[in-house]
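See below for the structure under consideration.
The values are calculated or read from the model by the stated rules, or taken from the named source; none is laboratory data. Since the structure is predicted, the reported quantities are computational estimates derived from the model, not experimental observations. Don't worry about glycine lacking a Cβ; one is built from the backbone with ideal geometry, like all the others, and counts go over all protein chains shown. For accessibility, only protein heavy atoms count, side chains too; no ligands or nucleic acids. Shrake-Rupley method; radii C 1.70, N 1.55, O 1.52, S 1.80 Å.
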Amino acid sequence: MKTKYSYKEIWIICYPILVSLLMEQLIGMTDTAFLGRVGEIELGASAIAGVYYMAIFMMAFGFSIGAQILIARRNGEQQYRQIGSIFYQGVYFLLALAALLVSLSLYFSPQILSSILSSPRINAAAESYIQWRVLGFFFSFVMVMFRAFFVGTTQTKTLTLNSIVMVIANIAFNYVLIFGKLGFPALGIAGAAIGSSLAEMVSVLFFILYTWRKVDCAKYGLNQLPRFQPTILKRILNTSVWTMIQNVVSLSTWFMFFLFVEHLGERALAISNIIRNVSGIPFMITIAFAATCGSLVSNLIGQGDKAYVAVTIRQHVRIAYLCIVPLLVFFSLFPNLILGIYTDMPDLRMASIPTLWVLCTSYLFMIPSNIYFQAVSGTGNTRTALLLELGVLAIYIVYTTYLILYLKVDVAWCWTTEHIYSIFILLFSYLYIKKGNWQKKQI
């Protein structure tokens, strides 16, 4: 079949997204690398608290995915002025949502954590992290709307610059606040949370200044703040509410996974946090290609080129395999080198190697599954994407519960849950793209 985009064109769009995501992953890697030198309790607690934070954050990220689909569609239709209205209504909504979620988190988080964690020491450390980390919602929620704008309009180079600035800021803040440098007290895990929130503030300031100086704001309707427009917000929510629910539910089950692992012991949780961060690099590469695919699918439909959708998805799968498989082989051959980034404890590194190998094999399925699933969302059928996700998560929860709580297997076997999730999401998404009635969807 003929292709609409060459591999070079896909790479040019994807590369800045990839770099930005990898740079942001370095924030989590920095936290883990620093806390891995503080102690296993802090390392394990940051896993629980970090996934807890992400489960809430993904509500905003899901909203931004819906907004990104709409921005990409208007971009494909060359209705550029409407993009600014979508952007600003999204920012208004997310700032209000951030205020609500910060209030609820500060009040309820201590009660929730104390009721679900078995280790008092991990509970205390996790509470210390979350009470500072949730303040970053005000910045991260605005940040995802800027990303939606730049990805939806395929101006992705900006994301690279922003991410570099944010990572440098995070490393500096973490070093000073975790270990107590330059006259500051050593705050430990709380310092990691404060540093990450401050890095997100720096990221938003960069986006604002860059957009003001470098983007044609008049073209996209960004040159003036519009009033609140419920009709536009409703249109965004019609698309994004399903991705919001999907992301929250998905990350909530991921949070559940770490809670189950915590019941296997503090060592098992520390191993899982290390592997979660190692997984971040290939996962962000996968997500970069998946996000590019979803945006291009939406642009193709907006341009009336629906016949190119299937072949464009396959192009993304091929190039993603080409980038990620060599990395997985390197991880498998030199596990001590990779694990040594996250901890200086030899026994913890050795105990983590089998889990790392299991993780690497899961990506044979995770790569195509994420790309096909984002393509489903790119068609605008976000409600269908949610239904697919819920069906797969039901299977995932049953498997995870039986494996960890009932059989109490070794932590390496726990990570085979990634295989189960990926295989089924790939199967369902592939069948929908091949046989589903997505061509007639209007957004």
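When only Cα pairs below 8 angstrom with a gap of at least 6 residues are kept, the chain shows a relative contact order of 24 percent. Summarised as an ellipsoid, region 100-191 has semi-axes of 30, 21, 10 Å, derived from the eigenvalues of the Cα gyration tensor scaled by 5 and square-rooted, with the largest first. The tail of the calculated P(r) for region 344-398, taken as Cα-Cα distances beyond 12 Å, holds 74 percent of the pairs.
The calculated FRET efficiency for residue 321 paired with residue 217, based on their beta-carbon distance and R0 = 51 Å, is about 0.85. Helices that extend 30 Å or more along their long axis by alpha-carbon positions and average at least 0.5 on the Kyte-Doolittle scale are, among the DSSP H runs of the chain, 7-35, 40-76, 81-116, 157-179, 189-214, 230-262, 266-302, 309-333, 346-378. Can you compute the FRET efficiency between residue 175 and residue 224 using 1/(1 + (r/R0)^6), with r the Cβ-Cβ distance and R0 = 45 Å? Round to the nearest 0.05. E between residue 175 and residue 224, to the nearest 0.05, is 0.65.
Counted over region 317-443 with a bin width of 5 Å, the fraction of Cα pairs per bin, in whole percents, is 2, 10, 16, 16, 16, 15, 12, 7, 4, 2, 1, 0. In terms of its Cα atoms, region 37-186 spans 55, 35, 22 Å along the principal axes, sorted from long to short. Local charge for residue 396 was computed over the other residues whose Cβ lies under 14 Å away, with Lys and Arg +1 and Asp and Glu -1, and equals -2. Pairwise Cα distances in region 266-388 exceed 24 Å for 39 percent of all pairs. The distance between label points at residue 131 and residue 310 comes to 5.7 nm (points 7 Å beyond Cα on the Cα→Cβ vector). Stretching residue 398 away from residue 357 to a fully extended chain increases their span by 12.4 nm, per 0.36 nm per residue minus the current alpha-carbon distance. Ranked from largest, the principal axis spans of the Cα set of region 219-279 equal 53, 23, 16 Å. Across region 1-160, C-alpha contacts under 8 Å between residues 6 or more apart give a mean separation that, scaled by the residue count, equals a relative contact order of 41 percent. Projected label points at residue 205 and residue 267, each 7 Å from Cα along the beta carbon direction, are separated by 4.5 nanometres. Full extension of the chain between residue 387 and residue 9 yields a length gain of 132.9 nm, computed as 0.36 nm times the residue separation minus the alpha carbon distance. Heavy-atom surface analysis with a 1.4 Å probe gives region 113-192 a carbon and sulfur content of 69 percent of its accessible area.
For region 332-439, trypsin sites (Lys or Arg not before Pro) are listed when DSSP marks them as loop and at most 14 other Cβ atoms sit within 10 Å of their Cβ; the list is 408.
What value does region 55-121 have for Rg/Rh, both radii from Cα atoms and Rh as Kirkwood defines it?
On the way: Rg = 17.5 Å, Rh = 14.3 Å.
Rg/Rh: 1.23.
Using alpha-carbon pairs under 8 Å, 6+ residues apart, how would you state the relative contact order of region 163-276 in percent? Averaging sequence separation for qualifying contacts and normalising by length gives 16 percent for region 163-276. Measuring with a 1.4 angstrom probe and ignoring ligands and nucleic acids, residue 143 comes out at about 20 Å² accessible.
Once the chain from residue 116 to residue 405 is taken as fully extended at 0.36 nm per residue, the excess over their C-alpha distance is 102.6 nm. Where the alpha-carbon atoms of region 139-250 are placed on the principal axes, they occupy 50, 38, 25 Å, in descending order.
Mind checking the per residue accessible area of region 203-246 for me, 1.4 Å probe, whole number of Å²?
64
Cα centroids of region 58-73 and region 157-217: 23 Å apart.
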